[in-house]
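Undergrad: Structure in structure tokens, see below.
The values are calculated or read from the model by the stated rules, or taken from the named source; none is laboratory data. Worth saying up front: this structure is predicted, and the values here are computed from it rather than measured. Using ideal geometry, Cβ is built from the backbone for each residue, glycine included, and neighbour counts are taken over all protein chains shown. Just the protein is used for accessible areas: all its heavy atoms, side chains included, with ligands, DNA and RNA removed. Shrake-Rupley method; radii C 1.70, N 1.55, O 1.52, S 1.80 Å.
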Amino acid sequence: MMLETIEFKTCLSKFASGVTVITTCNKENEKVGVTISAFSTLSLSPPLILFCLGKKAFTINEFKECNKFAVCMLAEKQQQISNQFAYSEDPWQGVESFKGEYGSDIIANCIAYLECEKYQEIDGGDHIIFVGLVLNAKTLSNSAPLIHYQSDYFSLKENKLITS
Ligand SMILES: Cc1cc2nc3c(=O)[nH]c(=O)nc-3n(C[C@H](O)[C@H](O)[C@H](O)COP(=O)(O)O)c2cc1C
């Protein structure tokens, strides 16, 4: 029996994740960024991470052409930034950023960021899996992260589960 798309999507939406903005620059050296929740750690040694970007995404060519990118992990107060980098034609409008140690554009007030060299590009159906070798990892604050769950945003408060 064929897998129903709606069932597949509903099932995937039950997996809560953080939200990142992945940045790079184009041939004209202009800033590029896109909101991504399909981000994952991959390897500690060497230090590798990955993210998945749709082949039809507006920014796909820039990420295929770039040789480095940065992952900015958003704080709970950065919902607006998440929406801008997902839906706006001018996502950097009003968004403060600074240069990381390796020259990547980093969203100001993000919780943490990773500057990466592109390590591998893997075909993943209607997405491309971009693997990055992490050159620089910086934590900027202990702010609560922005959480994406069931197509909505949530905040992770101090509801730490008690383990005994
Ligand atoms: C919270 C959130 C998470 C997202 N995560 C991903 C993702 O992991 N991969 C992806 O390709 N697009 C993701 N998107 C969609 C992209 O940010 C963006 O909207 C899409 O690439 C735009 O496609 P377009 O340029 O063709 O309009 C996400 C959007 C939101 C709001």
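Undergrad: What order do 152, 123 take when sorted by accessible area (1.4 Å probe), most exposed first?
TA: On the way: 152 85, 123 110 Å².
If we order 152, 123 from most to least accessible, we get 123, 152.
Undergrad: So which GluC sites (Glu not before Pro) in the stretch 110-164 are both in a DSSP loop and have at most 12 other Cβ atoms within 10 Å of their Cβ?
TA: Numbers: sites: 115, 117, 121, 158; in loops: 158.
Qualifying residues, ordered by number: 158.
Undergrad: Sorted by packing (mean other beta-carbon atoms within 10 Å per residue), highest first, where do 6-17, 128-139, 39-50 land? Don't jump to the answer; show the numbers that get you there.
TA: On the way: 6-17: 10.6, 128-139: 16.7, 39-50: 13.7.
Ranking, from highest mean packing down: 128-139, 39-50, 6-17.
Undergrad: Who wins for biggest fluctuation among 52, 110, 66 in a Gaussian network model of the chain, springs between alpha carbons below 10 Å?
TA: Among 52, 110, 66, the largest GNM mean-square fluctuation belongs to 66.
Undergrad: Given +1 on the Cβ of Lys and Arg, -1 on the Cβ of Asp and Glu, and no further charges, what dipole in debye does the stretch 1-54 carry about its Cα centre, rounded to the nearest 20?
TA: Charge dipole, the stretch 1-54, about its Cα centre: 100 debye, nearest 20.
Undergrad: Of all trypsin sites (Lys or Arg not before Pro) in the stretch 21-109, which ones are in loop regions per DSSP and have a Cβ with at most 10 other Cβ atoms within 10 Å?
TA: Passing both the DSSP loop test and the Cβ count: 27, 56.
Undergrad: Pick from 35, 59, 24 the residue whose mean-square fluctuation is largest in a GNM of the chain, springs joining Cα atoms under 10 Å.
TA: Maximum fluctuation in the GNM of the chain, among the listed residues, is at 59.
Undergrad: To the nearest 0.05, what FRET efficiency results for residue 131 and residue 90 with a Förster distance of 25 Å applied to their C-beta separation?
TA: Computed FRET efficiency for residue 131 and residue 90: 0.30.
Undergrad: Name the cysteines of the chain that stand alone by the Cβ rule: no other cysteine Cβ under 4.7 angstrom.
TA: By the Cβ distance rule, which asks for a partner under 4.7 Å, the isolated cysteines are 11, 25, 52, 66, 116.
Undergrad: Suppose every K and R has +1 on its Cβ and every D and E has -1 on its Cβ; what is the size of the dipole of the chain about the Cα centre, in Debye to the nearest 20?
TA: Rounded to the nearest 20 debye, it is 340 debye.
Undergrad: Another question about this same structure. Once Lys and Arg get +1 and Asp and Glu get -1 on their Cβ, which of 111, 97, 59 lies farthest toward the positive end of the dipole of the stretch 6-164?
TA: Positive-end residue among those listed: 111.
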